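Participant: Have a look at this one.
The values are calculated or read from the model by the stated rules, or taken from the named source; none is laboratory data. Note that the coordinates shown come from a computational prediction; the quantities given were computed from them, not determined experimentally. So basically every Cβ, Gly included, is an ideal-geometry build from the backbone, and we count neighbours across all protein chains shown. For accessibility, only protein heavy atoms count, side chains too; no ligands or nucleic acids. Shrake-Rupley method; radii C 1.70, N 1.55, O 1.52, S 1.80 Å.
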Amino acid sequence: MLNRISQLTKLYLKSSFSNTTDTGSKKKKITYILLYAFLFVYLACFTGFLSYEMINVLLPLRQEAVFIGLLLLVNIFLTFFETIISSMNVLYFAKDNEYILPMPIKAIEIVSAKINNLLIYAYATELLFGLIPFIIYGVLTAASWYFYLFSLLVLIILPIFPVLLASLIMMILMAFTKAIKNKSLIQILGIIVVFVFTFAISTFSSSSTNIETAEMLAMLFQANGLVNALRGYFPTLGFAIDALCKTNFLDALIALVILIAMSVALYFIFVIFCQKLYFRGVVGCLYSSSGTSKKKINVKTAYRRSGVAKSYILKEFKILFRKTTFLTQSALPSIIVPVMMCLVFYFSLGRSLDESGLGMAVISTFMQDQEYWTIILCVILAVSMFDSMYVYTGITSISRDGENAVFMKYIPVSFAWQCVYKSVPNFALLILSEVFVVILCLMLQVPVVLIVLACLIFIPYSIIHSLISIILDLRKPKLHWSNEYQVVKNNMRIFLIMVIALLSMIITLLPLFISTVSVYYVAGILFIFYLIIAIILIYYVFKKDFALSKNIY
């Protein structure tokens with residue numbers, strides 16, 4: 001049975017990444033390998049730098065173990081959200097289900113292989129956001145030899161519980177909903193339910209672990225005292241922290257054994273008792289209709305005369321919203337991230353400030369002090385650009401059309417204008433994410449003049465983001481895909497958008513190193529800088545025009 005599970009796991013992985021690994025010639029494969037290596041090194045350096053700075057801040061306070069707790073908590077939530085986004089397609093809407101289910105393979109083997117597939121995705125994320133920071137922590141704190149061994153074991157075991165929890169939520173949703181025939185409705189409903197569920201857990205945890213100011217000060221002066229405040233956020237988190245933070249080898253070993261035993265037991269309980277639950281949902285999904293109903297066409301309204309720009313842009317939005325995979329993978333992350341920032345601030349930070357006796361008065365005084373306006377403006381822009389890392393509609397705009405993209409070369413509309421029209425949904429989502437940033441700024445009582453300046457600078461940045469995304473997608477569009485999931489999940493160019501956003505954040509934060517510069521001077525320079533780049537990109541698109549379509553065939 002173990003051999004079958006292993007073979008199935010390899011088969012599912014090969015099926016998931018077939019679109020990525022099948023790059024054609026040897027030269028292209030080498031190019032892809034070099035690109036992935038560069039992206040990995042870039043992100044590894046960025047993660048390593050942040051970890052190095054954070055540990056050096058905590059060491060003088062004797063709170064270095066807080067880094068361990070925060071790092072484990074971040075990896076748990078990253079795993080949970082990644083599983084939520086990918087589990088729907090891996091478990092239910094994968095094309096291989098059609099071929100695997102009729103075969104004489106045991107249910108427990110299929111479920112185990114699917115869960116293993118999700119765990120491997122989590123391990124890929126942990127390689128950047130877990131292993132590298134732990135190595136840096138061990139070097140800076142002169143950790144013992146068993147710390148490195150226990151760190152590796154903890155990173156292997158830690159994702160099991162969040163992956164099982166996210167999968168269980170999806171299985172329950174898919175098994176018991178009456179609308180199972182509607183794939184689009186199920187995916188959207190699943191994302192909303194999990195979002196509400198996760199936020200409820202976060203709010204409950206923050207309220208249940210509320211610490212008074214005196215207790216916080218006492219923990220601050222106690223070595224690694226603050227790390228105890230993190231234990232209540234997740235069931236397995238406490239044992240993982242103990243396994244890495246206990247100075248006594250025996251205590252750390254006992255915590256690690258408990259963590260491994262608990263996670264392994266949960267894994268086997270899950271695959272044994274969730275077989276029927278999973279198959280109830282996957283069979284209903286596989287052998288039911290897509291849920292699209294045939295509507296009677298009203299000739300008078302369906303064939304009304306409309307402008308080219310309006311019709312084309314409307315078509316782009318329809319493709320984005322009708323294909324739920326595109327909506328959940330490309331659009332929803334750009335909305336969820338800023339919304340969570342606002343909600344977390346409102347329910348956690350805002351309440352903590354009120355209970356500490358400081359209230360919003362101190363923040364208001366800080367915001368009104370013009371000496372700090374340059375810092376505030378740069379931070380607002382950095383947060384906005386951080387949110388832009390989760391807007392993927394532009395980088396998939398050509399690929400979403402699939403093989404139908406070839407019609408872009410034949411319709412009587414300038415190819416350059418088509419690129420502009422296709423960039424509108426990306427631009428609209430960037431502006432929408434900025435609206436949530438503005439709401440957060442208003443909650444923090446940021447002066448209106450700074451909000452207006454930030455919005456003015458963000459507009460040309462949004463144009464740059466949208467056009468670069470289109471150009472990158474035109475370089476190597478994914479036009480031959482078997483399901484919509486491959487367009488986003490197997491698209492490594494998404495990392496390039498993250499790199500562009502990170503570089504923009506660095507450029508925007510540079511004025512912080514010049515304390516004497518006026519905020520209006522900084523705003524003017526940033527606005528002109530991004531505006532010039534936007535104009536150059538617009539000129540490039542219209543200058544190249546049809547030459548941009550050479551890779552569409």
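Participant: Just to confirm, what accessible area per residue do you get for the stretch 395-553 at 1.4 Å probe, in whole Å²?
Facilitator: It amounts to 45 Å² per residue over the stretch 395-553.
Participant: At 7 Å along the Cα-to-beta-carbon direction for both Leu512 and Lys106, put a label point, then send me their distance in nm to one decimal.
Facilitator: A separation of 5.5 nm, rounded to one decimal place.
Participant: Something else now. Need one number for the stretch 105-153: average projected area of the convex hull over its C-alpha atoms, nm². Walk me through the numbers before you get to the answer.
Facilitator: On the way: hull surface 16.2 nm².
Projected over every direction and averaged, the Cα hull of the stretch 105-153 covers 4.0 nm².
Participant: Output the pairs from Lys478/Lys543; Lys323/Lys478; Lys476/Lys543; Lys14/Lys550; Lys310/Lys550 with a Cα-Cα distance over 22 Å in this structure; if there are none, say none. Before the final figure, lay out each step's value.
Facilitator: Working: Lys478/Lys543 24 Å; Lys323/Lys478 16 Å; Lys476/Lys543 20 Å; Lys14/Lys550 30 Å; Lys310/Lys550 26 Å.
Beyond 22 Å between Cα atoms: Lys478/Lys543; Lys14/Lys550; Lys310/Lys550.
Participant: Still on this structure, please answer the following. Using the per-residue mean of other Cβ atoms lying within 10 Å as a proxy for protection, in what order, highest first, do the peptides 151-160, 117-126, 98-107 fall?
Facilitator: Final packing ranking: 151-160, 117-126, 98-107.
Participant: As a test of the definition: which semi-axes, in Å, follow for the stretch 392-470 when you take the square root of five times each eigenvalue of its alpha carbon gyration tensor? Largest first, please.
Facilitator: Working through the eigenvalues yields semi-axes of 33, 12, 8 Å.
Participant: Let me ask you something else. Using a basic spin-label model with each label point 7 Å from the Cα along Cα→Cβ, how many nm lie between Leu13 and Phe529?
Facilitator: In this crude label model, Leu13 to Phe529 measures out at 4.2 nm.
Participant: Taking every alpha carbon pair in the stretch 26-133, what does the distance histogram look like in 10 angstrom bins from 0, in percent?
Facilitator: 12, 29, 28, 21, 8, 2, 0
Participant: For Trp417, Trp145, give me the order by solvent-accessible area with a 1.4 Å probe, most accessible first, ignoring ligands, DNA and RNA.
Facilitator: Values: Trp417 115, Trp145 175 Å².
Largest to smallest exposure gives the sequence Trp145, Trp417.
Participant: Kindly provide the Kirkwood hydrodynamic radius of the stretch 236-288 in Å, to one decimal, from all pairs of distinct alpha carbon atoms.
Facilitator: About 13.2 Å for the stretch 236-288.
Participant: While we're looking at this one, here's another question. Would you please put 68-75, 40-47, 134-141, 109-116 in order of how densely packed they are, using the mean number of other Cβ atoms within 10 angstrom per residue and starting with the highest?
Facilitator: Details: 68-75: 20.4, 40-47: 14.2, 134-141: 17.6, 109-116: 22.9.
The densest-packed peptide leads the list: 109-116, 68-75, 134-141, 40-47.
Participant: Also, I was wondering about something else. Quick check on the stretch 491-553: take the gyration tensor over C-alpha atoms, sort the square-rooted eigenvalues as a ≥ b ≥ c, and tell me if it's rounded (a/c under 1.5), prolate or oblate.
Facilitator: oblate
Participant: For Leu61 and Tyr148 in one chain, what is 0.36 nm times their gap in residues minus the Cα-Cα distance, to one decimal in nm?
Facilitator: 29.0 nm
Participant: Same structure, new question: Taking every pair of alpha-carbon atoms in the stretch 430-549, what share in percent sits in each 5 Å bin, from 0 to the bin with the longest distance?
Facilitator: Spelled out bin by bin, the stretch 430-549 gives 2, 9, 15, 18, 19, 14, 10, 7, 4, 2, 0, 0 percent.
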